[in-house]
Amino acid sequence: MAFTEELRTAAGDQWDNVIHHKFTKELAASTIDRKVLLKYLIQDYRFLDAFVVLLASMVAKARTLSDRIPGCEFLALITGRENTYFERCFEKLQCSQEDRDKIPDAPCTTGFCNLMREVATSGSLGEMLSVLVVAEWSYLSWGQLVQNETNRDDFLTYEWVDLHSGENFEGVVRYLRGLLDKEGELISIEEKESCRKRFLQAVQLEE
């Protein structure tokens, strides 16, 4: 069994709780309460800086140039198209930066940002990849489930599904999983356990 499959199996039912969620189904159907969506977008956007730091750190720590290049391309997507999506959403929902600054971080936001920055600063390549794989593989998993049922009337909802489904994003997840699977063949049992710990922490926070 590939290392990433071992890690997902270790997450048990909690993985399924993440990908079979009321939020993702209502998002795809565009029936989600816009206040709920705005709350989500505000909190999720606060992950972005820590995520960029983690992804860039992983790229720097990758073993070869060929391992780095797809990560650089993904970094450009995150800081380009995805960042722009958030900005357009806040504009449409009439939520200014001043409005957003008044809203405190949710506990899971604080937890995830701390996890990403801690792993970026002091974690191994495998630990960095473990957190990144959860963040992207879980989103691909729910995105694949709802992509054919997505209401195309409002970019607020369908573009978030589009960003996390389809051939291009499947390639991103395949790349990240491939790197982590390779690490699983090279690292010690103790290092594998550290990856498992980080993977499960990230799944907990995703839920």
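When the accessible area of the chain is computed with all protein chains present and a 1.4 Å probe, what percentage of it is carbon and sulfur?
Carbon-and-sulfur percentage of accessible area, whole number: 50.
With a 1.4 Å probe and all protein chains left in place, how much accessible area per residue does the range 95-164 have, in Å²?
Accessible area per residue: 43 Å².
Under 8 Å for C-alpha pairs, at least 6 residues apart: give me the relative contact order for the range 1-123, rounded to a whole percent.
It comes to 35 percent, rounded to a whole number.
Which angle between 0 and 90 degrees, to the nearest 10, do you get for helix 34-45 versus the longest principal axis of the chain when only C-alpha atoms count?
Value to nearest ten degrees: 40.
Averaging sequence separations of C-alpha pairs under 8 Å and six or more residues apart, then dividing by the length of the chain, give the relative contact order as a whole percent.
38 percent
Could you pull the Cα extents of the chain along its three principal axes, largest to smallest, in whole Å?
50, 34, 31
Are any of the pairs K25/K102; K39/K61; K61/K197; K39/K92 more than 22 Å apart by Cα-Cα distance, and if so, which?
In this structure, K25/K102; K39/K61 lie more than 22 Å apart at Cα.
Using only Cα atoms, tell me the angle between helix 83-92 and the longest principal axis of the chain; keep it within 0 to 90° and round to the nearest 10.
Result, in degrees: 20.
With the dipole of the chain worked out from charges on the C-beta (+1 for Lys and Arg, -1 for Asp and Glu) around the Cα centre, which of G178, V52, Y139 lies farthest toward the positive end?
The listed residue farthest towards the positive side: V52.
Between G166, V119, Y40, whose Cα lies farthest towards the positive end of the dipole of the chain when Lys and Arg beta carbons carry +1 and Asp and Glu beta carbons carry -1, centred on the Cα centre?
Result: V119, furthest along the dipole toward the positive end.
What is the helix-to-structure angle for 189-206, meaning the angle in degrees between its Cα long axis and the longest Cα principal axis of the chain, kept from 0 to 90 and rounded to the nearest 10?
Helix 189-206 and the main axis of the chain meet at about 10 degrees.
The values are calculated or read from the model by the stated rules, or taken from the named source; none is laboratory data. This one's a predicted model, so the numbers in the text were calculated from it and none came from an experiment. Glycine gets a Cβ as well: all are built from the backbone with ideal geometry, and neighbour counts include every protein chain shown. Note: accessible area is taken over every heavy atom of the protein model, side chains too, but ligands, DNA and RNA are not part of it. Shrake-Rupley method; radii C 1.70, N 1.55, O 1.52, S 1.80 Å.
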